[in-house]
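Undergrad: Okay, here's the structure, questions in a sec.
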Amino acid sequence: MSRSLKSVTGSTRRVLTESEVLSRLRSKRGAPGYRAMFSSWIGGVVTDPALMQIPLDDHLVHRGHGVFDTCTLASGRLYRLGVHMDRLLRSATLARIEHPWSKEELIEMVIDTASAAGIRDGAVRYWMSVGPGGFSPSPQECAESCFYCVIFDPTPLGGEGPDPMRTGVPEVTVLDTPMKPPLLATIKSNNYLLNVLTHMEAVDRGGTFGVLVDNDGYIAESCVLNAAFITSDRVFRTPPFDGILSGTTIRRVMDLAAAELTEEGLISSVSQAPVPASEVRGDLISEMFLCGGDTHLYPVTSWDGVSVGSGDVGPVAKRLIELLESEAFGAGAGDESDFIDVPYSD
């Protein structure tokens, strides 16, 4: 028996006291940047990362019977929370999660959590589940649905090092990981195993997020991002949402492109239509990028080792990044309904 296995085996013989558990949880958590968590299960907000726990028998954990969504905390305001909450509620309906909350009540829980977090810039993630109750596949054993929300420090989606939004990223086609079936692909559920495997395979092959292509040769999406393209005749094109997630960011990017970039002459029009992978590998595409997370847009400079367009970050990607960041962090026009001020306590 190895030394590490002996250590683990020996630890099962101990019954820990409450103070020992808290001490160990705090030593394990360290300083992860988690600022506040709301749990309807315990009925309030905690700010100690060691206490940010979800019951093991919540079906969110052991069955994946839960949905989630996100938004951005930017300059003390919750950006596009209403849009994201609409999608959470649609996902909950498709996942057959019955719950007692209105959209307004859910938004209020997120606002309260952000207020307790005390930071002005951060990431927001929240989940709705059928709740705890046991380990069977049936939600009938769950006494109450649950809502959880966490506010944490923003982390780079593209990893450490140079900013991939400025330098661009290499991408590859994911070959061995299957696409999600349409129902799971269109629900933002807690079942993201295929998303994770897509990303891992992409990294193994020298890519970043991975590009999924369907059986008919059309581009679908990335692991957690929507794909968009600029054709050689300056048309902004993104795949239809049939069988993939209807991304809030790509929808906003399409609006910005139609309103701003057409007027500026960077593009001629915006189109949502199938994109054959063969077109990107030829000379019909001048730019390709992946977007998600409200403000993240990653220019793709190469795909399967072949340069996309000139192989550099293109002017459309640069301008869209500028517009997204300007809007979210307060300098852009934006729609006032997309912003909710967080009432911080003194």
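The values are calculated or read from the model by the stated rules, or taken from the named source; none is laboratory data. The structure displayed is predicted, hence computed values, not measured ones. FYI the Cβ positions are ideal-geometry reconstructions off the backbone, even for glycines, and counts take in every protein chain you see.
Undergrad: What's the number of the only condition in (1) of a type in the set (Ser, Thr, Tyr); (2) at pLDDT below 95; (3) closer than 16 Å to Val235 by Cα that Thr295 fails to meet?
TA: (3)
Undergrad: Please list, ordered by residue number, the strands (runs of 3 or more DSSP E) wholly in segment 229-346 having 3 or more residues that are without any contact (Cβ under 8 Å) to a residue 60 or more places away in the chain and of a type outside the set (A, V, I, L, M).
TA: So the answer is 269-272.
Undergrad: What residue, among those in segment 92-104 that are of a type outside the set (Lys, Arg) and in a helix (DSSP H, G or I), is surrounded by the most Cβ atoms within 10 Å (Cβ to Cβ)?
TA: Ala92
Undergrad: Report yes if Ser91 is hydroxyl-bearing (Ser, Thr, Tyr), under 23 Å from Gly133 (Cα atoms) and in contact with a Lys or Arg (Cβ under 6 Å, 6 or more places away or on another chain), otherwise no.
TA: yes
Undergrad: What number of residues within segment 301-312 are of a type in the set (A, V, I, L, M, F, W, C) and either touching a Leu at 6+ places or on another chain (Cβ under 9 Å) or surrounded by fewer than 22 Cβ atoms within 10 Å (Cβ to Cβ) (or both)? Can you show your working first?
TA: Of the residues in segment 301-312, the ones of a type in the set (A, V, I, L, M, F, W, C) are 303, 306, 308.
Add one more test, that the residue is either touching a Leu at 6+ places or on another chain (Cβ under 9 Å) or surrounded by fewer than 22 Cβ atoms within 10 Å (Cβ to Cβ) (or both), and what stays is 303, 306.
Result for segment 301-312: 2.
Undergrad: Which condition number in (1) in contact with a helix residue (DSSP H, G or I) (Cβ under 9 Å, 6 or more places away or on another chain); (2) modelled with pLDDT of 95 or more; (3) not assigned by TED's automatic domain parsing to the domain that holds Gly76 is the one that Gly206 fails?
TA: (1)
Undergrad: Residues in segment 293-341 that are in the same structural domain as Gly207 (by TED's automatic domain parsing), touching a helix residue (DSSP H, G or I) at 6+ places or on another chain (Cβ under 7 Å) and on the phi > 0 side of the Ramachandran plot: how many?
TA: Of the residues in segment 293-341, 2 are in the same structural domain as Gly207 (by TED's automatic domain parsing), touching a helix residue (DSSP H, G or I) at 6+ places or on another chain (Cβ under 7 Å) and on the phi > 0 side of the Ramachandran plot.
Undergrad: Those residues that are over 21 Å from Ala114 (Cβ atoms) and either assigned to a loop (DSSP other than H, G, I, E, B) or aliphatic (A, V, I, L, M) (or both), I need them from segment 63-91; list them, please.
TA: If the condition is that a residue be over 21 Å from Ala114 (Cβ atoms) and either assigned to a loop (DSSP other than H, G, I, E, B) or aliphatic (A, V, I, L, M) (or both), then Arg63, Gly64, His65 are the ones that fit.
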